[in-house]
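Visitor: The structure is given below, and queries will be raised subsequently.
Values quoted throughout were computed directly from the atomic coordinates according to the rules given, and no laboratory measurement underlies them. Because the structure is predicted, anything quoted here is derived from the model rather than measured. As a convention, Cβ positions derive from the backbone with ideal geometry for all residues, glycine included, and neighbour counts pool all protein chains shown.
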Amino acid sequence: MTASGVWSFVVQTPMLVVKEIKITGVTIADKAIVTKSAKSALGKNIITLHKTPILSQIRNLHEVKDVRISRSLPDKIWIHVTEREPDAVVVGPSGCCMVQLDGLVFHSVSKPVSGIPTVDVAKNESLKLGCKCNSPRVLYALSVLNYARKARLEINKISVDQLGDMCLNMRGGFYVKLGQPDEIARKMSILRETLVYRPSIGKEAAYIDLSCPSAPVWKPKTVISAAS
């Protein structure tokens with residue numbers, strides 16, 4: 001059989017028509033949209049399938065970081081979706097959104113998510129899906145999370161009040177007053193050193209105040225004596 005005859009067979013045989021589609025990696029993105037885009041491949045020749053339109057439609061979803069299509073001859077294709085990983089959930093008067101450390105807002109949620117640090121801002125911030133947040137309050141809080149991650153400090157929540165003062169809620173109920181978003185690197189370094197050289201402070205202190213990093217203070221937990 002000549003090359004042209006082989007190619008003619010390949011593009012015309014019903015043996016190579018896509019009959020099955022498998023999708024992996026979709027947890028927070030709209031699976032209905034991914035499925036609809038993927039189904040456009042059904043009935044198409046698996047060899048000559050034009051993948052770009054399918055890939056483009058799925059990549060348009062804010063939650064999707066990357067997507068690949070692979071073929072499994074003779075008649076199955078796989079859609080492999082890689083979703084963005086949330087670094088925090090920003091909570092504001094207008095709702096909750098998952099964000100990356102670079103400020104990219106990519107998914108709305110109804111409430112804070114267990115296991116993901118929460119950034120709670122008192123002021124109503126503008127959060128638009130698919131765009132980077134330009135709120136200084138949110139960006140400063142994400143900067144704190146970045147330092148905390150590098151220092152292996154576990155932060156459950158960052159609260160930012162109307163004046164921009166920040167407070168960190170850490171594991172075990174211990175919290176840290178950071179104050180204004182200046183000298184963040186220095187404050188986080190002091191916090192890490194304090195917890196390394198005196199790990200018991202997490203149990204002994206109600207909070208540590210690093211608002212003035214040159215003069216950090218901490219308040220011991222109140223101990224109520226039993227009546228004699």
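Visitor: Between (i) 44, 20, 15; (ii) 31, 20, 13; (iii) 53, 17, 15, which entry matches semi-axes √(5λ) of the Cα gyration tensor in Å as derived from the coordinates of this structure?
Guide: (iii)
Visitor: Among the aspartates and glutamates, select those whose C-alpha is under 19 Å from the C-alpha of LYS128, and discard any that sit fewer than 8 residues away in the same chain.
Guide: Here the aspartates and glutamates satisfying the reach criterion relative to LYS128 are ASP30, GLU63, GLU83, GLU85, ASP87, ASP102, ASP120.
Visitor: Taking the dipole about the Cα centre of the chain, with the C-beta of Lys and Arg at +1 and of Asp and Glu at -1, give me whichever of ALA29, SER94, VAL144 is farthest to the positive side.
Guide: Value computed over the given set: ALA29.
Visitor: Now a separate question. Between beta-carbons, use under 12 Å as the cut-off and find the net charge around THR82, counting Lys and Arg +1, Asp and Glu -1.
Guide: Details: positive: ARG59, LYS65, ARG68, ARG84; negative: GLU63, ASP66, GLU83, GLU85.
So the surrounding residues net to 0.
Visitor: Could you give the angle, 0 to 90 degrees to the nearest 10, between helix 136-150's Cα long axis and the longest principal axis of the Cα atoms of the chain?
Guide: Tilt relative to the chain: about 90 degrees.
Visitor: For the chain, what does the helix formula give at 222 nm: sum of -39500 (n - 2.57) over DSSP H segments with n ≥ 4, over the residue count, nearest 500 deg cm²/dmol?
Guide: Working: 6 runs with 60 residues, N = 228.
The helix-only estimate for the chain comes to -7500 deg cm²/dmol at 222 nm.
Visitor: Moving on to the next point. How tilted is helix 3-12 with respect to the longest principal axis of the chain? Cα atoms for both, answer in degrees (0 to 90, nearest 10).
Guide: The helix 3-12 is inclined about 60 degrees to the chain.
Visitor: Would you mind pulling out the separation of the Cα centroids of the range 169-192 and the range 49-124, in Å?
Guide: 29
Visitor: Here's another thing I want to ask about it. Would you mind computing, in nm to one decimal, how far apart the modelled labels at GLU20 and LYS203 are, each placed 7 Å from Cα along Cα→Cβ?
Guide: 5.6
Visitor: Whole-Hz ³J(HN,Hα) for each residue in the range 32-46, computed from phi via Karplus 6.51 cos²θ - 1.76 cosθ + 1.60 with θ = phi - 60°, x for glycine and proline: what do you get?
Guide: 5, 5, 4, 5, 4, 5, 5, 5, 5, 7, 4, x, 8, 5, 5
Visitor: Which pairs break 23 Å Cα to Cα here: LYS19/LYS51; LYS36/LYS76; LYS31/LYS111? Show your work: numbers first, answer last.
Guide: Working: LYS19/LYS51 16 Å; LYS36/LYS76 16 Å; LYS31/LYS111 21 Å.
The pairs that break the limit, which is 23 Å between Cα atoms, do not exist here.
Visitor: Per residue of the range 112-118, what does 6.51 cos²θ - 1.76 cosθ + 1.60 with θ = phi - 60° give for ³J(HN,Hα)? Whole Hz please, x for Gly and Pro, Karplus curve as stated.
Guide: Working through the residues one at a time gives x, 10, 4, x, 10, x, 9 Hz.
Visitor: If you don't mind, there's one more thing I want to ask. Looking only at the range 131-172, which residues have a backbone nitrogen under 11 Å from a spot 7 Å from the Cα of ALA122 in the C-beta direction?
Guide: 160-167
Visitor: Now for a different question. Tell me which residues come under 5 Å, amide H to amide H, from LYS44 once H is placed; ignore anything under 5 positions away on its chain.
Guide: Here VAL18 satisfy the definition.
Visitor: What are the residues whose amide H is under 5 Å from the amide H of ALA88, where those residues sit 5 or more places off or on another chain and H is modelled from the backbone?
Guide: Correct list: VAL99.
Visitor: On to the next question. At most 15 other Cβ atoms within 10 Å and a DSSP loop assignment: could you name the trypsin sites (Lys or Arg not before Pro) in the range 92-180 that fit?
Guide: Values: sites: LYS123, LYS128, LYS132, ARG137, ARG149, LYS150, ARG152, LYS157, ARG171, LYS177; in loops: LYS123, LYS128, ARG152.
When the trypsin sites (Lys or Arg not before Pro) of the range 92-180 are filtered for loop state and at most 15 Cβ neighbours within 10 Å, LYS123, LYS128, ARG152 remain.
Visitor: For helix 184-197, report the angle its Cα long axis makes with the longest principal axis of the Cα atoms of the chain; keep it between 0 and 90° and round to the nearest 10°.
Guide: 70
Visitor: Please report the projected area of the range 3-83's Cα convex hull averaged over all directions, in nm².
Guide: Working: hull surface 20.4 nm².
Hull-based average projected area comes out at 5.1 nm².
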